[in-house]
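Q: Got a structure for you, written out below as structure tokens; questions coming shortly.
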Amino acid sequence: MVKEFRQAKWSEPLIFEIGREGRIGHMVPTPSEEVREVVGEVEKLIPEVLRRKREPELPEVSEVEVVQHYTRLSQMNYGVDTGFYPLGSCTMKYNPRVNEELASMDEVAWIHPYQDESTVQGALELMYRLEKWLAEITGMHRFTLQPAAGAHGEYVGVQIIRAYHKYNGELGKRDEIIIPDSAHGTNPASAAMAGFKVIVVPSNEDGCVDIDALKAAVSERTAGLMLTNPNTLGIFEEKIGEIARIVHDAGGLLYYDGANLNAIVGKVRPGDMGFDIVHLNLHKTFSTPHGGGGPGAGPVGVTKELEKFLPVPLVEYDGEKYYLDWDRPYSIGKVKGFYGNFNVLVKAFAYILALGEKGLKTAAEISVLNTNYIVKKLGKVRGFELPYGKGKPRKHECVFSASPMKRDTKVKALDVAKRLLDFGIHAPTMYFPLIVHEALMIEPTETATKEQLDEFIEALSRISEEAYNNPEVVLSAPHNTSVTRLDEAMAARPKTLFLTWKMYLEKVGEK
Ligand SMILES: *Cc1c(COP(=O)(O)O)cnc(C)c1O
């Protein structure tokens, strides 16, 4: 049954606009003479030009005002705790609360990266063991846990590809990275940022890499190939063995974008498919809340041959104690402050420990089952079609096209996505991958129940009926949300965005 849904609508001022001068919501102990002296010494080290000229302009509010303000804002928002969140490619699964509890324990939240190694043995052991697990899960030899996200992991991985060819004296010659046209935009961006030329290979009608096109694309200039498997259409590249052979024979390396690992955890391993470098998105597959710009983690794993290029430091164990190894002459260097987003590593560790081998496998299986349930049901709804790989099962996600609906009724994928919000359901990813017109990329994950899937299908069926009988309702959606139809183009224009209070004040001419 589709739910009745009305989002809260507060005319909420900015936090800077509430409160009164002098109002505070916290108590800080008066610093001792000793502390003040140290602060004074430190202040003297700051160059004059960098010293603050006036007090910072902070909101002056009581605790209750802060709590009420942010609670009201949260009521005008939508998240995995509110309901179904089928945002394709993002693996927006529900994140067990126990992970949060563990990550906020004093021993995790209050340790300092400058602490002596002897005082953080538990943290080092956790990283050491997590690295071993990720290596086991992916079939790689060793991992760095430092990168802060998938895209960061890609950049690190491509730097390792560079280091490898440089080591072999081939860097000048190998300047091309091959990427399929279904790839996530971060892949070509990472390759280009690392100085490589991007060569795009097309997909065939099965939605997989066109092998002949790949053969034509590789050459003595190939540095590597970046691939997601299952790919962004949710289709498993069955010819991965052949793809690996073609790239390796040409002297290139294979990079695995692990954003879609949720579909195959415990079933197949990128290492066994022939990949040399792998990144994982711990915040996707291994359950950390993401999407609001919070911390993530994109560990990068490599084969034994590439181990020496990994960033410093790595966590080692000498039989008695854990320690950080900085003595790695071929390392590409440091890629992140300290040792990565440790609290995310703790959540992934807890998640893997709780599920175990069997649980991880089951999660992957249910994510695939849920997707294929949607494929079967939505395939029957008027206006939607499933392009590429006709009749092939999907893995963790599927990409429908609303092209028939657009042709018949003028209702586009964008309008369908907006209308879904009226039913209290988060929109799927739209217009990606680029090879599908009017794309709706749906990833239910294993944490959606059958009832939620049925509700989602029912909502889409209703939208289809509306599109064919009363398109105006869909074209002007959403109606039941805190803010209604937004102008996406305007929101993306820098001149109309006020990202800070200071920018806003400058704009309205107060400063
Ligand atoms: C999410 C995603 C990325 C980028 O990962 P971030 O953690 O968001 O930086 C790369 N590739 C694919 C296929 C993705 O879905």
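The values are calculated or read from the model by the stated rules, or taken from the named source; none is laboratory data. Worth saying up front: this structure is predicted, and the values here are computed from it rather than measured. Cβ coordinates were reconstructed from backbone atoms using ideal geometry, including for glycine residues, and neighbour counts include every protein chain displayed. Quick note on the areas: whole protein, heavy atoms, side chains included, nothing else; ligands and nucleic acids left out. Shrake-Rupley method; radii C 1.70, N 1.55, O 1.52, S 1.80 Å.
Q: Go through region 202-239 and give me each residue that's more than 16 Å from the ligand (Cβ to nearest atom), under 23 Å from GLY185 (Cβ atoms), free of Cβ contacts under 8 Å to residues at least 60 places away in the same chain and not in a loop (DSSP other than H, G, I, E, B).
A: Answer for region 202-239, where residues must be more than 16 Å from the ligand (Cβ to nearest atom), under 23 Å from GLY185 (Cβ atoms), free of Cβ contacts under 8 Å to residues at least 60 places away in the same chain and not in a loop (DSSP other than H, G, I, E, B): ALA213, LEU214, ALA217, THR222.
Q: Sticking with this one: Could you look through region 1-35, keep only residues that are open to solvent by less than 50 Å² (accessible area, probe 1.4 Å) and either out of contact with any Asp or Glu (no Cβ under 6 Å at 6 or more places or on another chain) or under 30 Å from LEU421 (Cβ atoms) (or both), and pick out the one that is modelled with the lowest pLDDT?
A: Across region 1-35, the extreme among qualifying residues is VAL2.
Q: Hey, HIS279 hits all of (1) under 23 Å from GLU365 (Cβ atoms); (2) within 13 Å of the ligand (Cβ to nearest atom) but one; which does it fall short on?
A: (1) is the only condition that HIS279 fails.
Q: Of all residues in region 296-337, which are within 16 Å of the ligand (Cβ to nearest atom) and in a loop (DSSP other than H, G, I, E, B)?
A: Result: GLY296, ALA297, GLY298, PRO299, VAL335, LYS336.
Q: Only residues that are within 13 Å of the ligand (Cβ to nearest atom) and under 27 Å from GLY169 (Cα atoms): list them for region 249-276, please.
A: Scanning region 249-276 gives TYR255, TYR256, ASP257.
Q: Counting just the residues of region 118-158 that are among the hydroxyl-bearing types (Ser, Thr, Tyr) and within 16 Å of the ligand (Cβ to nearest atom), which one comes out farthest from GLY337 (Cα to Cα)?
A: THR138
Q: Something else: List pairs: first in region 316-333 and open to solvent by 40 Å² or more (accessible area, probe 1.4 Å), second assigned to a strand (DSSP E or B), Cβ under 6 Å, 6+ apart or cross-chain?
A: TYR323/GLU316
Q: Checking GLY79 against (1) among the small types (Gly, Ala, Ser); (2) open to solvent by less than 40 Å² (accessible area, probe 1.4 Å); (3) within 16 Å of the ligand (Cβ to nearest atom), which single condition isn't satisfied?
A: With (1) among the small types (Gly, Ala, Ser); (2) open to solvent by less than 40 Å² (accessible area, probe 1.4 Å); (3) within 16 Å of the ligand (Cβ to nearest atom) applied to GLY79, the lone miss is (3).
Q: Check ILE374, ILE366 and return the single one that is crowded, with 17+ Cβ neighbours inside 10 Å and either closer than 30 Å to PRO113 by Cβ or modelled with pLDDT of 95 or more (or both).
A: None of the others qualify; the one that does is ILE374.
The rows are residues; the columns are (1) among the hydroxyl-bearing types (Ser, Thr, Tyr); (2) in contact with a Pro (Cβ under 6 Å, 6 or more places away or on another chain); (3) assigned to a helix (DSSP H, G or I).
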position	(1), (2), (3)
ALA364	no, no, yes
LEU369	no, no, yes
TYR373	yes, no, yes
LYS376	no, no, yes
PRO387	no, no, no
LYS395	no, yes, no
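Q: Would you kindly identify the helices (runs of 4 or more DSSP H) lying entirely within region 403-511 that contain at least 2 residues that are surrounded by fewer than 18 Cβ atoms within 10 Å (Cβ to Cβ)?
A: 403-409, 450-469, 471-475, 488-491, 501-508
Q: Moving on. Among the residues that make up region 284-295, is at least one of them more than 12 Å from the ligand (Cβ to nearest atom) and of a type in the set (Val, Ile, Thr)?
A: no
Q: Please verify whether ILE199 is within 16 Å of the ligand (Cβ to nearest atom) and part of a strand (DSSP E or B), treating the condition exactly as stated.
A: no
Q: Just to check your reading of the model, which residue among ASP212, ASP206 is over 28 Å from LYS166 (Cα atoms), more than 24 Å from the chain's Cα centre (by Cα) and surrounded by fewer than 16 Cβ atoms within 10 Å (Cβ to Cβ)?
A: Within the list ASP212, ASP206, the selection yields ASP212.
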